[in-house]
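Asks: Quick one: this structure, given as structure tokens, is what I'll be asking you about.
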Amino acid sequence: MDATVISLAERRAASGRVPRPARTAPPPPPPTERDHRSQARVWRRSIGHLLRTARLDAALRLVDVAEAAGVSPQYLSEVERGRKEPSSEVLAAVTGALGMSLVDLAHDLAREVAAPSGGVRLAA
């Protein structure tokens, strides 16, 4: 008896059936407005946490940093608590008053977000 090995593709071609396209996973749903709001909240809290930590590490009062940065103490307090999203100009002024740069803040933020445990993480 002569055994002939036929591939699955040959067998399907011989039967006249049309092969179905391979199944792929559906694309992920687009981010919702809620996802964006959640990510913005985490972003604000992370920046605020870093600014407050830098201020406390430098043993500076909120009032003194706010005055040096040209913002109100109430506004700086809200930024530190993650309730307000500061402009790049305000961030530059506050980081300057703390003796650091925006690059330092961005570096610390990236390190905090990438931390495997603890710290605040941004949602993907």
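The values are calculated or read from the model by the stated rules, or taken from the named source; none is laboratory data. Source: prediction; values computed, not measured. Here Cβ is always computed from backbone atoms with ideal geometry, including for glycine, and neighbour counts include all displayed protein chains.
Asks: Has region 15-38 got any residue that is in a loop (DSSP other than H, G, I, E, B), in contact with a Lys or Arg (Cβ under 6 Å, 6 or more places away or on another chain) and either of a type in the set (A, V, I, L, M) or at pLDDT below 75 (or both)?
Replies: Checking region 15-38: at least one residue is in a loop (DSSP other than H, G, I, E, B), in contact with a Lys or Arg (Cβ under 6 Å, 6 or more places away or on another chain) and either of a type in the set (A, V, I, L, M) or at pLDDT below 75 (or both).
Asks: Still on this structure, please answer the following. Hey, among the residues in region 23-48 that are of a type in the set (A, V, I, L, M, F, W, C) and loosely packed, with under 15 Cβ neighbours inside 10 Å, which one's nearest to Val113 (Cα to Cα)?
Replies: Ala40
Asks: Looking at region 39-72 only, could you name the residues that are modelled with pLDDT under 90 and not hydrophobic (A, V, I, L, M, F, W, C)?
Replies: The answer is Gln39, Arg41.
Asks: Right, here's the next one. Say we look at region 75-89 and pick out the residues that are in contact with a Gly (Cβ under 7 Å, 6 or more places away or on another chain) and part of a helix (DSSP H, G or I); which of these is nearest to Arg52 (Cα to Cα)?
Replies: Glu80
Asks: Could I ask something else about it? So which pairs qualify, if the first residue must be in region 88-105 and in contact (Cβ under 8 Å) with a residue 60 or more places away in the chain and more than 15 Å from Arg44 (Cα to Cα), the second must be surrounded by fewer than 17 Cβ atoms within 10 Å (Cβ to Cβ) and not charged (D, E, K, R), the Cβ gap must be under 8 Å, and the two must be at least 6 apart or on different chains?
Replies: none
Asks: Cβ-Cβ below 7 Å, separation at least six or inter-chain, first residue in region 73-86 and closer than 15 Å to Arg45 by Cβ, second among the acidic types (Asp, Glu): which pairs?
Replies: Lys84/Glu78
Asks: Looking at region 47-65, which of the residues that are in contact (Cβ under 8 Å) with a residue 24 or more places away in the chain and in contact with a helix residue (DSSP H, G or I) (Cβ under 6 Å, 6 or more places away or on another chain) is nearest to His107 (Cα to Cα)?
Replies: Here the residue is Leu50.
Asks: Out of the residues in region 1-14 that are loosely packed, with under 10 Cβ neighbours inside 10 Å and part of a helix (DSSP H, G or I), state the one that is modelled with the highest pLDDT.
Replies: Among those residues, the one meeting the criterion is Ala14.
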